[in-house]
Amino acid sequence: MTTQITSFTDYKNIFDQSIQSPEKFWAKEAQTFEWHSIWDTVLDYDFDTPSISWFVNGKLNITVNCLDRHLPEHSNRVAYTWIPNNPDEISRSYTYQELYDLVCKCANALKSYNITKGDRVCIYMPMIPEAVIAMLACARIGAVHTVVFAGFSSEALVNRIIDAEAKLVITTDGAFRGPGEIPLKEMVDTALSSKTTTVEHVIVYKRTNSEVTMTPKRDIFWDSFMDNQPAECPPEIMDSEDPLFILYTSGSTGKPKGIVHTCGGYMVYTEYSFRNVFHYEPHDTYWCTADIGWITGHSYIVYGPLLAGAQSILFEGVPTYPDPGRFWNICQDYKVTQFYTSPTAIRKLESFGDEYVKSYDLTSLKTLGSVGEPINKDAWEWYFTIVGGGNCQIVDTWWQTETGGILISSLSQVTPSKAGYAAYPLPGIMPIILDENGAEITTPNTEGFLCIAHPWPSMLRTIHNDHQRFQRTYFSRFKGTYFTGDSAKLSPDGLLKIIGRVDDVINVSGHRLGTAEIEEALNSHPDISESAVIGYPHSIKGEGIYAFVKCIEDTHSEENLISELTNHIALVIGKIARPDKIQIVPDLPKTRSGKIMRRILRKLAMGEKDSLGDTSTLVNPEIIESLSRGIIPA
Ligand code: WTA
């Protein structure tokens, strides 16, 4: 029997049991899945090495659990209703049987292009069903997918392709996004011609029917790739700890980290968390608006909902096209019951006023989810009152690319919610808040470092090709515990509040970006000698990007240089990383050892010039006055 938590008391009991005997708790969850052969040990771990194995020696294929096990009983159940960017284009539904057939065909096609177990396949696609099909087809044959968000630039794409040593890329001719089009295939071509890679083939799905250049032998259109492939493909038998996917995310150094997730634990946790957080019930229609290029798309558009046999919406477009009522229009027309989006989207839609929401009938909604960044009280209230009509529970879900699934959240219809609080750990999750010395903070309202004391099944297992960085980033700051990089505090009644990152990662519209990554990109511009990037509070995006840059020599007009740098960042990383503010400075505040004091820049950017704190270690204190004069106001 799967654990379905039904009341707050029930939650407390189950939580206590899960903490007392975590292995027993997780074994019970895992037993609800189809395994080719069962594990012999539930958990084997050592946080020092670190090495983490769940369901040791268990054999399975996650797609058997996503697809086969719902057949034939639920063959006609809709897995996805796909809604195109353009509201005039017809939506399409895919039943579990249809999805199964397409995944098998695609899996066979991949095999026919020599993709085998362990090979990496890069997926660079818009939000279309074929992206999900491609991911599942990889999993079917044991290939490791690495999805790259289609908003990333050619350069960001090729760096990920190289790091993952991908053998094949799946893309589209172009992508529709709001009123615009993005030439994805052209971007893949640029990526592959800019550096040497291991890519042998590029598969191109025709989405926009725009003209593309096909490189003979290397490039194949999706239709001929899929043509004549049988709709049955035996699942590759995977070890529980074989990798399922690599997903790149930003860290505090310049190079993105390839987060590795494995098959068994990820399967168990994404289904368990999906079912309990969203309170999904048969005949519900669930919609997560994330992009499959992020972890939320992986865990809560693809794997979690399919494992639970859910019926979901897959949306290609953006919240404001053709107008800011688009989300609500879809919720009304498809009778969406669970809606999961980001605080940035909520704030943005709120800024257009209530009328767009009020013109639609949203009475089907039961649960409203939020993810990716702290949701401020005002946006929370608007979401609750205006979108939910005061009748829906808000689940503020805290988690990370690294955690694979939601670790802290209220559970819809089970545990209470409170504005500004991610609330409670899911049963099986053991958060602790530590002070600088690693001592646990139990005093309410005292901020500290958020750590997780015990492994959970969907945690990352390593950073691709860099196990040392894995150890350093997550297990060295505090011994014997996983360090999240976030700070948090507890309320007197035991609810967790997430405050924000304590490392050099900023969260712009729910997108994680490393300040070092943006600085490296700025410094690669020939006219820039040095830069320092910080995050500052932004009313819509949560955080905005403020870049202080120092030029090699004064050759440009300031205006030209700023627009050049903005374009340069879009080319090196992608539009999402374009700074909101660029200040050209004569120098940066530095310590004697040459370290840039970002703390001072942060204070200046927030207009707190009079509370800079200790500046005695600065080698160039005279710079402060001129920096302060140049601060770009909000
Ligand atoms: C932040 C997204 C506050 C946090 C799933 C975390 C949040 C980072 C919340 C991970 C939340 C995510 N409240 N902050 N509900 N959810 N975060 O890897 O700083 O893109 O460490 O995963 O987003 O971002 P990532």
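Results for (1) part of a helix (DSSP H, G or I); (2) at pLDDT below 95, shown as yes or no for each residue.
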site	(1), (2)
A231	no, no
I246	no, no
S273	yes, no
P282	no, yes
T320	no, no
D323	no, no
W328	yes, no
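Here is a yes/no grid of residues against (1) surrounded by 13 or more Cβ atoms within 10 Å (Cβ to Cβ); (2) touching a residue at least 12 places away in the same chain (Cβ under 8 Å); (3) outside any strand (DSSP E or B):
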| position | (1), (2), (3) |
| --- | --- |
| G535 | yes, yes, no |
| F548 | yes, yes, no |
| E559 | no, no, yes |
| I562 | yes, yes, yes |
| I569 | yes, yes, yes |
| L588 | yes, yes, yes |
| R602 | yes, yes, yes |
| S616 | no, no, yes |
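Of everything in segment 394-407, what is farther than 15 Å from F274 by Cβ and near the ligand (Cβ under 8 Å from one of its atoms)? Give them in sequence order. Spell out the reasoning first.
At the first step, the residues of segment 394-407 found to be farther than 15 Å from F274 by Cβ are 394, 396, 398, 400-402.
Scanning segment 394-407 gives D396, W398, Q400, T401, E402.
Which numbered condition trips up Y356, out of (1) over 16 Å from P319 (Cβ atoms); (2) of a type in the set (F, W, Y); (3) more than 13 Å from the ligand (Cβ to nearest atom); (4) out of contact with any strand residue (DSSP E or B) (no Cβ under 6 Å at 6 or more places or on another chain)?
(1)
Does G544 satisfy being away from the ligand (no atom under 16 Å from the Cβ), small (G, A, S) and modelled with pLDDT of 95 or more?
Details: away from the ligand (no atom under 16 Å from the Cβ): no; small (G, A, S): yes; modelled with pLDDT of 95 or more: yes.
Taking the combined requirement at face value, the residue does not satisfy it.
Which helices (runs of 4 or more DSSP H) does segment 1-74 wholly contain that include 2 or more residues that are surrounded by fewer than 16 Cβ atoms within 10 Å (Cβ to Cβ)?
Details: elements: 8-20, 22-30, 62-66.
Once the helices (runs of 4 or more DSSP H) in segment 1-74 are filtered for at least 2 residues that are surrounded by fewer than 16 Cβ atoms within 10 Å (Cβ to Cβ), what remains is 8-20, 22-30.
So D486 clears everything in (1) crowded, with 17+ Cβ neighbours inside 10 Å; (2) more than 10 Å from the ligand (Cβ to nearest atom); (3) of a type outside the set (S, T, Y) except one condition, right? Which one?
(2)
Does segment 317-339 hold any residues that are in contact (Cβ under 8 Å) with a residue 60 or more places away in the chain and surrounded by fewer than 21 Cβ atoms within 10 Å (Cβ to Cβ), and which are they? Please lay out each step first, then the result.
First, pick out the residues of segment 317-339 that are in contact (Cβ under 8 Å) with a residue 60 or more places away in the chain: 317-318, 320-322, 326, 329-330, 334, 338.
V318, T320, Y321, P322, N329, Y334, listed by residue number.
Restricting to segment 379-390, name every residue that is in contact (Cβ under 8 Å) with a residue 12 or more places away in the chain, away from the ligand (no atom under 15 Å from the Cβ) and not hydrophobic (A, V, I, L, M, F, W, C).
Answer for segment 379-390, where residues must be in contact (Cβ under 8 Å) with a residue 12 or more places away in the chain, away from the ligand (no atom under 15 Å from the Cβ) and not hydrophobic (A, V, I, L, M, F, W, C): E381, G388, G389.
The values are calculated or read from the model by the stated rules, or taken from the named source; none is laboratory data. This structure is a prediction, so every number in the text was calculated from the model and none was measured. When we count neighbours, we look across all protein chains shown, and the Cβ atoms used for this are built from the backbone with ideal geometry, even at glycine.
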